């Protein structure tokens with residue numbers, strides 16, 4: 001478990017791996033070395049199309065190709081895929097329900113040194129508000145690989161959120177990804193930590209710390225933010241009575257909001273959303289930024305204790 | 001098909017436009033009337049392998065209405081072609097009809113791409129054209145853009161893409177009527193010179209008269225003959241063509257005629273249809 005891999009790295013490898021099994025076309029906007037679609041390009045140059053620095057055009061191109069029956073991956077940084085090209089994703093891809101998978105890398109503040117202009121903290125919110133869009137945020141390399149194949153097998157638009165930073169594995173190599181199914185990584189009875197992306201590892205660490213302090217914390221990984229696994233969330237709320245969400249995203253509109261929506265309508269419990277507290281990121285080393293913005297196991301621990309009045 | 005037969009179809013399309021927009025009480029008659037002849041020629045002569053019983057025939061030529069607000073003309077020509085019943089067009093923009101305000105691939109048989117947000121259709125057309133290249137298929141892709149639409153930056157992203165990938169199976173038509181909602185294109189935000197811009201983007205630029213079938217026909221033939229470059233036909237048109245009071249009037253870009261205006265427009269179109277030997 002000491003090995004690390006960025007989910008973008010696993011994404012590129014998965015595209016190259018599944019390129020032999022499925023009829024894929026991969027598009028990028030001059031970032032293939034960073035998004036790792038270059039791994040696919042090296043193996044299948046004839047099915048890779050560089051669109052240049054023109055993300056809006058790329059999304060509508062992807063839509064046009066998809067009308068001819070192909071499965072298309074369109075990749076860029078999450079900032080541009082979900083942000084700059086939002087309306088193309090909505091109107092060209094999602095409204096016609098076309099089979100386009102948006103491979104968005106460099107999500108969140110763990111982008112690091114590039115700073116706020118390249119650190120999307122709103123993309124989950126934007127994408128999950130689009131009717132019919134599936135939103136996946138994998139926690140590690142194994143999950144990223146599984147998510148890519150699940151996205152290929154799902155008919156219709158999918159938004160895949162990958163990170164730049166190499167992150168530890170939280171799953172086993174034989175991990176089976178199930179679209180729309182949350183994963184209970186650790187059982188617990190006093191509180192539940194629901195997390196996504198690189199915060200899953202922090203949630204697991206927080207659970208260990210809490211255990212030493214006599215608090216039994218359940219850890220759930222919600223890799224599919226939409227459609228969300230309501231059952232696992234309601235069950236956890238019912239059984240533990242308190243919920244912390246943890247995400248590398250603005251606390252407005254992301255996983256925390258999605259979980260809150262499920263709970264207020266079904267089984268309201270005490271809840272705190274750990275995430276980026278409605279402010280822009282900035283330049284810095286990724287780990288230092290995660291620390292400064294409270295995206296750490298220790299911040300989850302203090303919020304858990306606050307929620308439990310301990 | 002001879003020019004007279006094509007003109008009859010174009011005027012039937014214009015009649016659909018007026019009927020649809022009047023019954024909806026909203027819509028975009030001006031630009032729909034300016035592209036009616038182009039759509040008639042495309043769907044009844046130029047485009048190959050269209051099959052009304054198999055609208056998704058993989059080998060068909062494709063059409064993307066990048067200026068999606070001119071949907072009444074597209075619905076009209078698809079109805080005349082036989083993709084669906086003519087009466088459906090009158091349900092345009094109504095809640096219990098599939099005739100969406102802007103073309104929807106999911107709702108209307110024969111529509112090849114959902115459009116409406118300007119600039120996106122031409123990109124989607126590029127996507128279809130490059131897909132044909134990937135598969136070594138011979139189908140062609142046509143797309144009609146507005147002149148005002150070229151103010152969208154995405155059009156130029158698409159223009160760069162199409163030339164870079166040598167999409168000679170793509171033929172765009174620019175409906176050059178000179179007007180947009182807020183007035184003359186040169187007053188609002190001049191995109192001119194459009195021909196020089198497309199030439200600079202390495203496109204094959206062809207000039208045509210949008211209401212003259214011989215001119216359009218020769219334009220499409222030149223586009224087919226051109227290898228290694230995408231083509232654009234700059235089709236000089238009259239906005240509102242065929243309805244006297246709508247001609248060259250920006251005010252008819254996005255307004256529906258009232259009952260009185262509708263009666264005049266219908267009578268004018270019916271007169272031409274009857275003269276051409278059709279039933280008005």
From the C-alpha gyration tensor of the protein assembly as shown, square roots of 5λ in Å: 52, 25, 20
Rounded to 10°, Cα long-axis angle of helix A:297-307 versus longest principal axis of chain A: 50 degrees
Normalised contact order of the range B:3-275, rounded percent, pairs of Cα under 8 Å and 6 or more residues apart: 24 percent
Two-decimal ratio, the range B:224-280, of alpha-carbon radius of gyration to 2.2 N^0.38 Å: 1.62
Segment residue B:86-residue B:196, length gained on full extension (0.36 nm per residue, minus Cα span): 35.5 nm
For the range B:17-76 versus the range A:117-144, the gap between their alpha-carbon centres in whole angstrom: 37 Å
Rg/Rh for the range A:156-310, where both radii come from Cα atoms and Rh is the Kirkwood radius: 0.94
Top of B:114, B:23, B:244 by mean-square fluctuation, Gaussian network on chain B, Cα under 10 Å: B:244
Cα shape, the range B:152-210, gyration tensor, a/c 1.5 rule: prolate
Angle between chain B longest axis and helix B:3-24 axis [Cα atoms, degrees, rounded to 10]: 70 degrees
For the range B:69-156, alpha-carbon Rg and Dmax in angstrom: 14.3, 41
Mean separation of Cα contacts under 8 Å, 6 or more apart, over the residue count of chain A: relative contact order %: 18 percent
The range A:223-310, Rg to Rh (Cα coordinates; Rh as Kirkwood inverse mean 1/r): 0.99
Radius of gyration, Dmax [chain A; alpha carbons; angstrom]: 18.5, 60
CD proxy at 222 nm, helix term only [per DSSP H run n ≥ 4: -39500 (n - 2.57); per residue of the protein assembly as shown; nearest 500]: -11500 deg cm²/dmol
Tilt relative to chain B, helix B:213-225 - C-alpha long axis, 0 to 90 degrees, to 10: 20 degrees
Alpha-carbon Rg/Rh ratio, for the range A:83-235, with Rh computed the Kirkwood way: 0.99
Distance between the range B:241-280 and the range A:161-236 - C-alpha centres, whole angstrom: 64 Å
Per-q log10 I(q)/I(0), the range B:1-101, q = 0.21 Å⁻¹ (Debye; single scatterer per alpha-carbon; no solvent): -1.08
Pair residue B:274, residue A:302: separation of 7 Å Cα→Cβ label points (nm): 8.6 nm
Kirkwood hydrodynamic radius (C-alpha pairs) into Stokes-Einstein, the range B:3-275, 10 °C and 1.306 mPa s, D in µm²/s: 87 µm²/s
Computed E for residue A:266/residue B:207 - FRET, C-beta separation, R0 60 angstrom, nearest 0.05: 0.40
Max mean-square fluctuation residue, GNM over chain B, Cα-Cα springs under 10 Å, options B:58, B:193, B:230: B:193
Pairwise centroid distance, computed over Cα atoms, of the range A:24-86 with the range B:92-119, Å: 26 Å
Paramagnetic label zone (point 7 Å from Cα along Cα-to-C-beta, residue B:226; backbone N under 20 Å) in the range B:50-71: B:61-67
Anisotropy class of the range A:85-173 from Cα gyration tensor, a/c 1.5 cut: oblate
Burial ordering of A:149, A:292, fewest other beta-carbon atoms within 10 Å first: A:292, A:149
Global geometry of the range B:147-280, whether rounded, prolate or oblate, following the gyration tensor of its Cα atoms and the 1.5 cut on a/c: oblate
Pairwise label distance in nanometres, residue A:277 with residue A:175, each label 7 Å out on the Cα-Cβ vector: 3.0 nm
Chain B: most fluctuating residue of B:125, B:210, B:158 per GNM, C-alpha cutoff 10 Å: B:158
Taking N as its residue count, the alpha carbon Rg of the range A:4-168 over 2.2 N^0.38 Å: 0.90
Footprinting exposure proxy for A:32, B:143 (fewest neighbouring C-beta atoms within 10 Å first): A:32, B:143
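Every number in this text was worked out from the coordinates using simple rules, so none of it is lab data. Everything numeric here is computed off the predicted structure, so don't read it as measured data. Cβ: placed from backbone, ideal geometry, glycine included. Neighbour counts: every protein chain shown.
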